[in-house]
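The values are calculated or read from the model by the stated rules, or taken from the named source; none is laboratory data. All values derive from a computational prediction rather than experimental measurement. Note: ideal-geometry Cβ built from the backbone for every residue, glycine included; neighbour counts use all protein chains shown. The protein model used for the area step is the full one, side chains on, heavy atoms only, and it has no ligands, DNA or RNA in it. Shrake-Rupley method; radii C 1.70, N 1.55, O 1.52, S 1.80 Å.
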Amino acid sequence: RYGWKVPYTLANQGHDVGKCSSLAVDAQGIQHISYYDNTDHTLKYVQAEIGEDPSVMNTIEGSGLAVCFSVIGLDLAGNPSVSFVRGGNLYLRTLIGAGWGAELLVASGVNGAYTYYQNFGMAMESYGYPHLVYRKGNDLWYSYWTGSGFSHNLVVDELATGNHVALALGPGNRPSIAYYEGSVLNHRTKNVLDIWVTEQIAGSGAGVGVVLAVDPSGKVMAAYLNNIGMNLAFANRSSVCNGAPLYTCIWTRGEVVDAQGEDYVSMAVERN
């Protein structure tokens with residue numbers, strides 16, 4: 001509709017950069033990007049207006065121990081927060097002025113050994129507070145910032161093997177969590193009774209690289225890879241829900257977006 005601009009370089013400096021990048025755009029159209037510098041093994045940040053040179057470039061985590069995958073989100077004032085794993089612990093740091101504030105420990109002992117796998121997800125609620133979902137041992141946990149500390153909630157006990165998780169927040173900050181377990185892609189959310197329920201998004205090996213989005217009406221959408229055929233597929237959660245006792249909803253699934261899609265996936269939803 002608008003046409004793609006010519007690609008331009010935001011960060012290079014002779015380094016292998018850009019792996020596991022995460023992007024958020026504020027109300028002024030400024031890009032906020034966290035990315036991994038594979039040359040010096042650091043997690044970095046760049047801020048720039050679209051088509052312009054970076055106005056801010058700095059290091060979020062410089063110990064050399066942070067794994068590649070990170071997630072960036074913006075609070076109500078447009079300040080970025082970045083979540084990342086280091087040494088098996090999940091941390092959060094927020095840009096305050098010209099520098100990154102003290103890191104907050106979200107959870108210890110999380111599954112962070114797989115550099116490129118999304119063992120955690122983050123979303124910012126309507127009040128600007130972060131919510132995170134992550135694997136810890138064989139369990140799936142959901143934590144959110146209350147204003148003074150993190151509230152920790154066990155979502156799924158004793159998961160089967162799998163590493164891909166995603167989080168999105170809908171109206172009323174209702175969490176939607178997707179997770180890959182035993183070759184099945186599941187959705188975990190709270191029903192109208194505020195009780196956690198599980199719905200299957202897709203089976204037969206689908207779910208690698210899953211991402212979630214929720215539109216303003218509360219419709220939940222998932223994009224993911226079928227790791228048998230390596231197809232990029234799309235599913236959505238309809239408004240047709242079962243009744244008591246679980247009040248679960250039906251997913252329309254299996255639409256192939258790209259039969260050759262593979263590796264990494266990202267998705268956002270427009271206002272319509």
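May I ask you to list the chymotrypsin sites (Phe, Trp or Tyr not before Pro) in region 1-87 that are in a DSSP loop and have at most 14 other Cβ atoms within 10 Å of their Cβ? Don't skip to the end; give the middle numbers.
Working: sites: Tyr2, Trp4, Tyr8, Tyr35, Tyr36, Tyr45, Phe69, Phe84; in loops: Tyr2, Trp4, Tyr8.
For chymotrypsin sites (Phe, Trp or Tyr not before Pro) across region 1-87 that sit outside H, G, I, E and B with at most 14 neighbouring Cβ atoms in 10 Å, the list reads Tyr2, Trp4, Tyr8.
Take the Cα atoms of region 142-272, find their three principal axes, and give me the spread along each one in whole Å, biggest first.
44, 32, 30
Under 13 Å Cα-Cα from Lys5, which aspartates and glutamates qualify once same-chain neighbours fewer than 8 residues away are excluded?
In chain and number order, the partners are Glu52.
Test of the criteria: in region 155-246, which trypsin sites (Lys or Arg not before Pro) are in a DSSP loop and have at most 16 other Cβ atoms within 10 angstrom of their Cβ?
For trypsin sites (Lys or Arg not before Pro) across region 155-246 that sit outside H, G, I, E and B with at most 16 neighbouring Cβ atoms in 10 Å, the list reads Lys219.
Hand me the GluC sites (Glu not before Pro) from region 1-105 located in a DSSP loop with no more than 12 other Cβ atoms within 10 Å, in residue order please. Please report the intermediate quantities before stating the final value.
Working: sites: Glu49, Glu52, Glu61, Glu103; in loops: Glu52, Glu103.
The qualifying sites are Glu52.
Leaving ligands, DNA and RNA out of it, report the carbon-plus-sulfur percent of the accessible area of the chain at a 1.4 Å probe.
50
Accessible area per residue for the chain in Å², computed with a 1.4 Å probe and the full protein assembly in place, what is it?
That works out to 50 Å² per residue.
Mind checking which lysines have their Cα closer than 22 Å to the Cα of Lys44? Skip sequence neighbours fewer than 8 apart in that chain.
Within the straight-line limit of under 22 Å, Lys44 reaches these lysines: Lys19.
Averaged over every viewing direction, what's the projected area of the C-alpha convex hull for the chain? Give it in nm², one decimal, please. If you can, show how the numbers build up before the last one.
Numbers: hull surface 60.1 nm².
For the chain, averaging the hull's shadow over all directions gives 15.0 nm².
List the aspartates and glutamates whose Cα lies under 14 Å from the Cα of Lys190, skipping any in the same chain that are fewer than 8 positions away.
Candidates past the 8-residue exclusion: Glu199.
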